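Each remark here refers to the structure printed beneath this line.
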Amino acid sequence: MIIDHLDEPLPGSSLLPTPSGVAYTDPEIFSREQSEIFEKLWNCVMRADSLSSAGEWKTVTIGREEIIVVRSRKKGIRAYFNVCAHRGMRVCTSGEGKNKTLQCGYHAWTYALEGDLAAAPNLTSMPDVDRQDYGLKPVHVREWLGYVWVCLAEEPPNFDEAVLGEVRTRFGEVESIDNYGIENLKLGESKTYDVAANWKLIIENFMECYHCATIHPELTEVIPEFADGLASQRMNGEVHGSEFGEEIKGFTVDGSASGFEELPRIAPDQDRKYYAITVKPQVFINTVPDHVIIHRMFPVSESRTTVVCDWLFLPEVIERDLPIEKSVELFHRVNQQDFEACEQTQPSMSSKAYSGGGALVPSEHHISEFHAWWSSQVAVSEHQTKVTV
């Protein structure tokens, strides 16, 4: 299978080409992305405080695998493949729960929250069975920004390089994002979107603002530079915060003041500014002076993606039940507008008219960095891209 992808401008043109439409529609390419990207890199899966006490667990699908994430009594948050070591049945058959142990419903093989095999019928008559070897297969876990991150690879990428490196690219230093104290914020609202579009279209949309004047009237009112097509994410690691309009009081749907305090540790150059980071492969971090918005993407198929968006606020905002509706509504509308555009784009990816791909204008050229990264992850050559699947 051939996918044309060039990383140099078309002759005589300021435009850069995109991958061809098949990259967004082919099930075999999607399967390769699942195995080579999502099953090998760090994925942000849930809020750590959503598992508040020992025994609480949730399941999540990463790539082609279902994972159990559980808060253990002795080792904090742990993660395992949701596969019984005996005959392979799902150990947890619902989305969440709370148990003292994890038990397979087929033959009652029972696992400690720390993963070891704890009990099974007639196990005492089989003293040669190693309870660790026949425990749940573990998944690598990290906690950062108050979220649980997992990696399914046997040898995960270095977290500091793979994840924190993305922050350095967009913020200049990790300490800059630390100013927002995200790990201490509380969830004010969470919305889940079922988007009928390929995950790459969603990332590409988030990385550029060439479309902002067309479909985001509320956002461009709050951040006027977005109307000029200038994205918060800049090319080659340029650190840039997008400034609020002069008359804008807050990052709300009507530009009015939010009614609650700014985050206490933000720096002067973070005041009245919006910053955005893409942490590949599936996280968007959006920061403003008084709250933070985090998107997590979970590709379901070549043409469908689940996106979970969290709005995070200071604990006292949630505890005092201060009104957050106007803050939530702004980016909820942005999400709806963006996802509708992606859904209207997806059908054209299989059109003959798009078989050779599209084009990136100069203000979108940093998306070519994402395309180059994607090509390298799925073993696509740098020029005249070829993928063998």
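Just wondering, is there one or more residues in the stretch 266-288 that are loosely packed, with under 15 Cβ neighbours inside 10 Å, touching a helix residue (DSSP H, G or I) at 6+ places or on another chain (Cβ under 8 Å) and modelled with pLDDT under 95?
Checked against the condition, which is being loosely packed, with under 15 Cβ neighbours inside 10 Å, touching a helix residue (DSSP H, G or I) at 6+ places or on another chain (Cβ under 8 Å) and modelled with pLDDT under 95, the stretch 266-288 yields at least one hit.
Out of all the residues in the stretch 360-376, which are touching a Pro at 6+ places or on another chain (Cβ under 8 Å) and within 22 Å of residue 225 (Cα to Cα)?
The one that is touching a Pro at 6+ places or on another chain (Cβ under 8 Å) and within 22 Å of residue 225 (Cα to Cα): 360.
Please work out if residue 192 is buried (at least 17 other Cβ atoms within 10 Å of the Cβ), part of a strand (DSSP E or B) and touching a strand residue (DSSP E or B) at 6+ places or on another chain (Cβ under 9 Å).
For residue 192, the condition - buried (at least 17 other Cβ atoms within 10 Å of the Cβ), part of a strand (DSSP E or B) and touching a strand residue (DSSP E or B) at 6+ places or on another chain (Cβ under 9 Å) - is not met.
Name the one entry in 74, 40 that is out of contact with any Phe, Trp or Tyr (no Cβ under 8 Å at 6 or more places or on another chain), under 30 Å from residue 345 (Cβ atoms) and in a loop (DSSP other than H, G, I, E, B).
Result of the check over 74, 40: 40.
All but one of (1) surrounded by fewer than 21 Cβ atoms within 10 Å (Cβ to Cβ); (2) polar (S, T, N, Q); (3) closer than 30 Å to residue 37 by Cα; (4) at pLDDT 95 or above hold for residue 220, so report the exception by its number.
(3)
Looking only at residues in the stretch 307-331 that are surrounded by 19 or more Cβ atoms within 10 Å (Cβ to Cβ) and of a type outside the set (A, V, I, L, M, F, W, C), which one is farthest from residue 219 (Cα to Cα)?
310
When you check residue 79 against the structure, is it part of a helix (DSSP H, G or I), buried (at least 22 other Cβ atoms within 10 Å of the Cβ) and modelled with pLDDT of 95 or more, yes or no?
Against the criterion (part of a helix (DSSP H, G or I), buried (at least 22 other Cβ atoms within 10 Å of the Cβ) and modelled with pLDDT of 95 or more), residue 79 does not qualify.
List the helices (runs of 4 or more DSSP H) that sit entirely inside the stretch 103-182 and contain at least 1 residues that are crowded, with 17+ Cβ neighbours inside 10 Å and among the hydroxyl-bearing types (Ser, Thr, Tyr).
Where helices (runs of 4 or more DSSP H) fall fully within the stretch 103-182 and carry at least 1 residues being crowded, with 17+ Cβ neighbours inside 10 Å and among the hydroxyl-bearing types (Ser, Thr, Tyr), they are 164-171, 174-178.
The values are calculated or read from the model by the stated rules, or taken from the named source; none is laboratory data. A quick note: this is a predicted structure, and the numbers were derived from the prediction, not measured. FYI the Cβ positions are ideal-geometry reconstructions off the backbone, even for glycines, and counts take in every protein chain you see.
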